[in-house]
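Some notes on the structure that comes next.
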């Protein structure tokens, strides 16, 4: 009997996705690998082994990582995907029944992002993020929904303080005022996860007037926008590349009177945070200072993070945060 044939094999893509999720939330919370491991009660090198793929993710690690970093079940769900894929590699006693794949987002979706454009506008009290994405369906099935995430963290590196803050001041649907459109049609949306500081939402390619799925071979622009007050958002914005992406652009627009300055870092699955390879371009228009940063080669699972401070309002420079 071939024992190895009966044992689960490591599902590479799911393991990489889990590692990327842990790394993403660790960066969001501003935690060093050693710090996170110690907060979770693991050996200081264990998080590094997980993120590099040298160690297999375990149920205990996934649960503790999700709880410690207040990830809203995002890390736990990645582990469930990994464990499901791992179990399916066992040699079946009978041919499995045909099953339609769940769609879309990171479960073998055939979506490609041809262009990803984010613009963040700040009026001195709240932020309004507008996301425009051109999606291409390279698969064989219509795409009927698209997953987006919104997360905030007022105190990176201090998860207990952030958790307490959002328990008292949770992120609400009313303040987000989320809107989404496709082909000039309003898109319906459904909440997948609703946490104090974390939301996952399905944008659905339909409304009360009808359906407009993204068919194989088609490309389409979608646009969605939402608002968050600066007491919950803070001073940094991060783009995580979760689907193959051909072009990425970020614009930050701040009042000139605040004298804003912007810088950024890039993190990949194989490298720690490093300065962006090119500096954000800067221009002024209608009393706003607009910073633009683009890349034509965004790497899958990479994270591009822009940070800023307002030199004319230093009293607010001690309250960083994030949303995307």
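When 226, 127, 146, 215 are checked against the criterion of being touching a helix residue (DSSP H, G or I) at 6+ places or on another chain (Cβ under 8 Å) and either crowded, with 20+ Cβ neighbours inside 10 Å or over 30 Å from residue 258 (Cα atoms) (or both), a single residue qualifies: 226. Checked against (1) closer than 20 Å to residue 137 by Cα; (2) touching a helix residue (DSSP H, G or I) at 6+ places or on another chain (Cβ under 9 Å), residue 194 passes all but a single condition, namely (1).
Could you tell me whether residue 28 is within 23 Å of the chain's Cα centre (by Cα) and at pLDDT below 85? The answer is yes for residue 28. Only a single item in (1) without any contact (Cβ under 8 Å) to a residue 24 or more places away in the chain; (2) within 22 Å of residue 230 (Cα to Cα) is not met by residue 191, and it is number (2).
Go through segment 149-199 and give me each residue that's crowded, with 20+ Cβ neighbours inside 10 Å, modelled with pLDDT under 90 and in a strand (DSSP E or B). 151, 198 - these are the residues of segment 149-199 that are crowded, with 20+ Cβ neighbours inside 10 Å, modelled with pLDDT under 90 and in a strand (DSSP E or B). Evaluate the following for residue 181: is it closer than 29 Å to residue 123 by Cα, out of contact with any strand residue (DSSP E or B) (no Cβ under 7 Å at 6 or more places or on another chain) and assigned by TED's automatic domain parsing to the domain that holds residue 124? Answer is no for this residue. In segment 233-275, of all residues being in contact with a strand residue (DSSP E or B) (Cβ under 8 Å, 6 or more places away or on another chain), buried (at least 17 other Cβ atoms within 10 Å of the Cβ) and in a loop (DSSP other than H, G, I, E, B), the one that is modelled with the lowest pLDDT corresponds to 234.
Taken across segment 74-86, residues that are in contact with a helix residue (DSSP H, G or I) (Cβ under 6 Å, 6 or more places away or on another chain), within 23 Å of residue 193 (Cα to Cα) and modelled with pLDDT of 90 or more do occur, with at least one present. Across segment 244-287, the qualifying residues are those that are in contact with a helix residue (DSSP H, G or I) (Cβ under 7 Å, 6 or more places away or on another chain) and free of Cβ contacts under 8 Å to residues at least 60 places away in the same chain, and the one among them that is farthest from residue 124 (Cα to Cα) is 284.
If I ask for residues that are at positive phi and surrounded by 14 or more Cβ atoms within 10 Å (Cβ to Cβ), which ones from segment 276-309 would you list? The answer is 301, and nothing else.
Got at least one residue in segment 118-132 being within 17 Å of the chain's Cα centre (by Cα) and either in a loop (DSSP other than H, G, I, E, B) or modelled with pLDDT under 85 (or both)? Checked against the condition, which is being within 17 Å of the chain's Cα centre (by Cα) and either in a loop (DSSP other than H, G, I, E, B) or modelled with pLDDT under 85 (or both), segment 118-132 yields no hits at all.
The values are calculated or read from the model by the stated rules, or taken from the named source; none is laboratory data. Here the structure is a predicted model, which is why all the values come from computation and not from measurement. Glycine also receives a Cβ, built like all others from the backbone with ideal geometry; neighbour counts cover every protein chain displayed.
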